[in-house]
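Laboratory data are not the source of any read-out in this text; all were calculated from the coordinates shown. Since the model is a prediction, treat every value here as computed from it, not as a measurement. Cβ atoms come from the backbone with ideal geometry, glycine included; neighbour counts cover every protein chain shown.
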Amino acid sequence: MSSGDSHRRWRVFFIPSLVILVILSVLGIANYRKNTVVLELALYSGNSWGVPQNFAYAIYDRAVEMFEERFADKGYRVVLRTGTMYKDYSEWFAQLVLKGKEPDMFLLIEEDFTTYAAIGLLERLDRYLDKSDLSPDVFFSNALEAGQYQGSQYSLPIGIVPSFLIVNNDLLDSLELVIDRDNWTWEQFYRLCEQITGDLDGDGAPDRFGVEGYDWHHAFYTNDDTLFNQTSTSAGFNDKRMAEMLTFLKQMHGLNKGVLVKEGLFEKGKVGFKTFNLSEFRVYGSYPYRILRYDDFDWEPLPFPSGPQGTSTSKLFTVQIGMSSRSRYKDVAFEFLKFISSDEKFQHQIWEFSNMLPVNRNVFDSIYRSGVMQRDGMRPLDRQFIETVIANSYIDPDFKKYPVIDKYITQRIFTIIAQDDDLSHGVGDLRQLINELLADGYSLKTP
Amino acid sequence: MDKPLGYVYYTILVLNLAIVSLFSLVMYQTTYLVCDADQARIFLEQARYLPHIPWHVPVYAISSFLLLALSGAVKRRLTESQAIVVFLLFLADIGLTFFIAYNLNFSYKGLFLFLGVGAFFFIANLPLRYLAIALVMLGYIFSDYDIISARLNLVSLQDYISFYGPSAQIPLYSIRSTLESLNLVFVILFFQFLIQSKIRENKEFIKVNNELSDKLHQLEILQVKLEESARLKERNRLAHEIHDILGHSLTSISTGLEACIELSKAGAAELHSRLKKIKSVTDRGLTDIRRSVRELKNDAIVQSSLLSALQELINDANALGDRGVGFIIVGNAVGLEDDEEQTVYRLVQESITNSLRHSGCRYIDVTLTYTEKQLTVCISDNGCGCREVHRHFGLEHIEERIALLGGSVVFDTAPEKGFRTFASIPLRKGRTLE
């Protein structure tokens, strides 16, 4: 047999077997990928309301466990991508997006939401919601609205954290002050704070204060609705209401005579009111943390006082989850989104494994009815109260520049109320500042 | 297609490959630089749209471009009869180009110019070519970033380049615009070469056309020659026939008659004188036939040259007696074509015969004048001449034959002034002396 012959025979056998091998492996891989759905979920540790949470990922581990169990027959798997702090999450996640390696599903932080919905990273969920049996009524509507952009749903809420005021009842009692809850306005609030504020040690500077943590946001939203116009391209506040707010804040500022209310003074019984949120309430309002703080006096939650032209409202923190428009398994990803946001069994776990409130109203309802709160030794939290707070809550503007613009506004308002005697210029000043900041390209730097 | 045209086409191809590679690699590399600089979130904010997955850009764009080049190579191998296949491939090219443009975020339109050049280069069928060019033009118009971005949500190349500081931006922008301008320059060069090649093709066409009509003319002349040759052949055959059959018969009759005359000498004087008369008629007939045969055959010039044949003719005329025939040659005698020689010979022969028969002249002059381009033949006598020229068959025939050669003949005569025949014949080609 010549070498040419053997060469030909070798080719006759080798090439077809190579082709068959390639086809088989392609088919094999395709089949494996079809049958094995592995979803990735990006998480941050920490939260937007700044209350430390032990075992931050525990709730998500639980969600994955339950989800995989639920869809065991289909073999869905979810892998968590963790290890990023809340403050670093935005950049970390943006890099994943740029490199095209973003996970199928991810938690969203407020300031990223609008951008990701606008650039098309977030998959629009309307179609999936229409197909599924999920009713919007299941959710607290404000929480659902936080995931909407230009009329479409882009993310679903997992849990919520409403915020409110708490009041030191013992202090007010000792001063014989009574809150008229039916007429809970700035005016009454100011009057109470004025009476609480006092110089106990006689050094000329006040050492007992009306309120801790109250800032312009609380005042603004209880007298007006929106700071920006609908498209977030210019200022959208009402001049008269803004002027009222500035006047009110200037009065409140005047009470303290320039002394800053240090954090922690409320705990020491030296402050009448304090801004608070549900997460803090659950940590410090229940055993064992309640013995560390706020245990020396009687306190209770209270809504924010309303301005002359507004109603009582407070910020609602939510945790939102969305899915990538580039995910290969969008239907499965939506199943997970639906599961984590609405599944009653899982939503119960929100209460067990985190300091948030479940976003599913039925679960919220059953928690109240089951007596779980009493079991956890929690301070009583009136259901009517918390439902009203949630219903009247507002969501922070969620465009990228907002956090920076917010800092500018805070600084300018402080200047106005601390320095200007004539507040009439202040309103125009603020409007101009906001418009300039919004118009300015992208070179915004933190002031 | 022309070679230079091919070179320009391949230069444009390589240039576009360079541009596509550069743009896609810049987009790829910038993405990672942005991430390294922790500017990813800001970049996404500025971009306004979701960027491509970085590795997709160079891989998709460059491999699609290589497919485009491959399609070009295939199109070159296809023949004109496969115009539909070429056109279908071209449609696929447009699709590929849009895909590349999409991957480059429609930041580069020059690819459509390259495609337009390809339409001229590959598609020979005119209606299909115009359709292809129309499609390419549409592509060129609508592949604009500003038009497309609103619909397809694309990040512009500008956004990528603006990430860099001015020190890197300036060279990047200059390279970009240099390459794009070069592309334009070569596209213009391509069309310049295309137009040139078309002009050259036209010129060649005209040249070939002229050559063809020349050849046709030569063919006509050849036809005439062939006819002449056939006629000569037929005359020879006739001469042989007459000589062999009629001549032989008449010779036999004449010999017989001679015997009869001898026999009749003794007897009947009347019979003798009658037979003598018949004999003389027969002899005259025989002489006529011999002369006729000689005339038919004196296409003697078929074997000998014109000049010696003429000389013989003139010698014969001189031998007749009292009349002198002169023969003069002026210039360098050159060899002539057969038909020319025949014509000149006939002309001289007919003219001499006419002079001998009708003019009652004392002498005849035959002059042949050779110049570079023509031959003039002049036969003149000093006979009685005539008031006007009677164009009997002989003269008309001569006129026709000379006209066939592109020459002319003039007869010049007056009472008591002699007769002069003047013919000029253009020489077809210069010939050396025989």
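Note on residue B:3: aspartates and glutamates with a C-alpha under 18 Å away, same-chain residues under 8 apart excluded, are B:201, B:204. Where both bridge residues fall in chain B, DSSP classifies roughly 75% of the beta bridges as antiparallel. Neighbouring Cβ atoms from other chains, within 10 Å of the Cβ of residues in B:35-41, number 6 on average.
Between the listed residues B:318, B:414, B:389, the Cα displaced farthest toward the positive end of the dipole of the range B:305-434, a dipole computed from Cβ unit charges relative to the Cα centre, is found at B:414. Rg over Rh for the protein assembly as shown works out to 1.49, both radii taken from alpha-carbon positions and Rh defined as the Kirkwood radius. Of the peptides A:382-388, B:380-386, B:3-9, the order by per-residue mean of other Cβ atoms within 10 Å, starting with the highest, comes out as B:380-386, B:3-9, A:382-388.
Among A:181, B:362, A:361, the ranking by other beta carbons within 10 Å of each residue's beta carbon, starting with the fewest, stands as A:181, B:362, A:361. Charge dipole of chain A (Cα centre as origin; +1 on each Lys and Arg Cβ, -1 on each Asp and Glu Cβ, all else neutral): 2540 debye, rounded to the nearest 20. Of the DSSP H helices in chain B, those with a Cα length along their own long axis of 27 Å or more and a mean Kyte-Doolittle hydropathy reaching -1.0 comprise B:3-36, B:56-77, B:83-103, B:166-241, B:269-297.
Mean per-residue shielding of peptide A:107-120 is 2, counting Cβ atoms of other chains within 10 Å of each Cβ. Put in order of Cβ neighbour count within 10 Å, fewest first, the listed residues A:167, B:74 become B:74, A:167. Considering only the Cα atoms of chain B, their convex hull presents on average a projected area of 38.2 nm².
Taken along its three principal axes, the alpha carbon spread of the range B:176-316 comes to 134, 28, 18 Å, from the longest extent down to the shortest.
Exposure proxy shown here: for A:276, A:353, the number of other Cβ atoms within 10 Å sets the order, fewest to most, as A:353, A:276. Its residue count N sets the reference 2.2 N^0.38 Å, and the alpha-carbon radius of gyration of the range B:305-434 equals 1.02 times that reference. Dipole magnitude for the range B:305-434: computed about the Cα centre from +1 point charges on Lys and Arg Cβ and -1 point charges on Asp and Glu Cβ, it is near 280 debye. With an a/c value of 1.5 or above and a/b not larger than b/c for the gyration tensor axes a ≥ b ≥ c computed over the alpha-carbon atoms, the range B:88-216 is described as oblate. Shielding by partners for peptide B:48-58, expressed as the average number of C-beta atoms from other protein chains within 10 Å of each residue's C-beta, is 4. Listed peptides B:98-106, A:427-435 appear in the order B:98-106, A:427-435 once ranked by packing, highest mean of other Cβ atoms within 10 Å at the front.
Which residue, A:45, A:115, A:96, has the largest displacement toward the positive end of the dipole of the range A:1-140 when charges sit on each Cβ (Lys, Arg +1; Asp, Glu -1)? Looking along the dipole axis, the top candidate is A:96.
Placing dummy labels 7 Å off each Cα toward the beta-carbon, the span from residue B:37 to residue A:14 is 5.0 nm.
Per-residue ellipticity at 222 nm, computed for chain B from helices alone with -39500 (n - 2.57) per DSSP H run of at least four residues, works out to -23500 deg cm²/dmol. How much of the DSSP bridge set in the protein assembly as shown is antiparallel, in percent, rounded to the nearest 5? Approximately 70 percent, going by the DSSP bridge assignments.
When the Cα positions of B:20, B:99, B:88 are compared along the charge dipole of the range B:3-163, B:88 comes out farthest toward the positive end, with charges on each C-beta of Lys, Arg, Asp and Glu. Using every pair of separate Cα atoms, the Kirkwood estimate puts the hydrodynamic radius of the range B:3-163 at 16.6 angstrom. Listed peptides A:214-223, B:31-40, B:126-135 appear in the order A:214-223, B:31-40, B:126-135 once ranked by packing, highest mean of other Cβ atoms within 10 Å at the front. Computed about its Cα centre, the charge dipole of the range A:11-120 is approximately 660 debye, with only Lys, Arg, Asp and Glu carrying charge at their Cβ.
Under 1.5 on a/c is rounded, so check that first for the range A:328-431, then, if it is not, pick prolate when a/b is larger than b/c and oblate when it is not; a ≥ b ≥ c are the square roots of the alpha carbon gyration tensor eigenvalues. Judged from the Cα gyration tensor, the range A:328-431 comes out oblate (a/c at least 1.5, b/c at or above a/b).
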